[in-house]
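Worksheet: the structure to be examined is printed underneath.
The values are calculated or read from the model by the stated rules, or taken from the named source; none is laboratory data. Just so it is clear, the model here is predicted, and its values are computed rather than measured. Note that we place each Cβ from the backbone using ideal geometry, even for glycine, and neighbour counts take in every protein chain shown. Surface areas here come from the heavy atoms of the whole protein model, side chains and all, with no ligands, DNA or RNA. Shrake-Rupley method; radii C 1.70, N 1.55, O 1.52, S 1.80 Å.
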Amino acid sequence: QVQLVESGGGLVRPGGSLRLSCAASENIFSIPTISWYSQTPGKQRDLVASITSGGITMYADSAKGRFTISRDYAKNTVYLQMNNLDAWDTAVYYCKANTEQGNYWGQGTQVTVSS
């Protein structure tokens, strides 16, 4: 079972940046896909970005040009660099690992964009 721990959320002003981290309990090279999702109260979780073990990345339209997903094998960590944040980015951000044994989620980290 993969355990994921997100961190890096917080309060930021519009136009600001944050870097979220998703630390995995096992070698991320063995995890086919790791993704970031966002969720606001009363709504479903939406895919923001994903990265495969082969390095292929995918972004939601709202994230293209502003967010970058990356990974550090030495730290077993996947990052989400978020730039030019705006109020509509306010959400809880979750990390998800898609494995052959199933899908695993972290506990989430709150991102609030407000002046």
task: Could you please find all residues in the stretch 71-82 being assigned to a helix (DSSP H, G or I) and either in contact with a Phe, Trp or Tyr (Cβ under 9 Å, 6 or more places away or on another chain) or open to solvent by less than 50 Å² (accessible area, probe 1.4 Å) (or both)?
output: 73
message: Condition check: in contact (Cβ under 8 Å) with a residue 60 or more places away in the chain, in contact with a Phe, Trp or Tyr (Cβ under 8 Å, 6 or more places away or on another chain) and of a type in the set (Val, Ile, Thr). Does residue 2 satisfy that?
response: yes
- prompt: Does residue 98 qualify as being open to solvent by 70 Å² or more (accessible area, probe 1.4 Å), on the phi < 0 side of the Ramachandran plot and of a type outside the set (D, E, K, R)?
  reply: no
statement: Reported set for the stretch 20-43 where residues are outside any loop (DSSP other than H, G, I, E, B) and either farther than 16 Å from residue 106 by Cα or among the hydroxyl-bearing types (Ser, Thr, Tyr) (or both) is 21, 29, 30, 33, 35, 37, 38
task: Can you confirm whether the stretch 46-56 contains a residue that is exposed (fewer than 15 other Cβ atoms within 10 Å of the Cβ), in contact with an Asp or Glu (Cβ under 7 Å, 6 or more places away or on another chain) and either aliphatic (A, V, I, L, M) or under 26 Å from residue 114 (Cβ atoms) (or both)?
output: no
field: Residue check for residue 89: of a type in the set (Asp, Glu), more than 12 Å from the chain's Cα centre (by Cα) and surrounded by 15 or more Cβ atoms within 10 Å (Cβ to Cβ)
entry: yes
query: Are any residues in the stretch 1-17 modelled with pLDDT of 95 or more and open to solvent by 30 Å² or more (accessible area, probe 1.4 Å), and if so, which ones?
result: 3, 5, 7, 8, 9, 11, 13, 14, 15, 17
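Let's see how each residue does on (1) surrounded by 13 or more Cβ atoms within 10 Å (Cβ to Cβ); (2) at pLDDT below 95:
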| position | (1), (2) |
| --- | --- |
| 33 | yes, no |
| 36 | yes, no |
| 69 | yes, no |
| 84 | no, no |
| 94 | yes, no |
| 102 | no, yes |
task: Mind listing whichever residues of the stretch 20-31 are open to solvent by 70 Å² or more (accessible area, probe 1.4 Å) and hydrophobic (A, V, I, L, M, F, W, C)?
output: 29
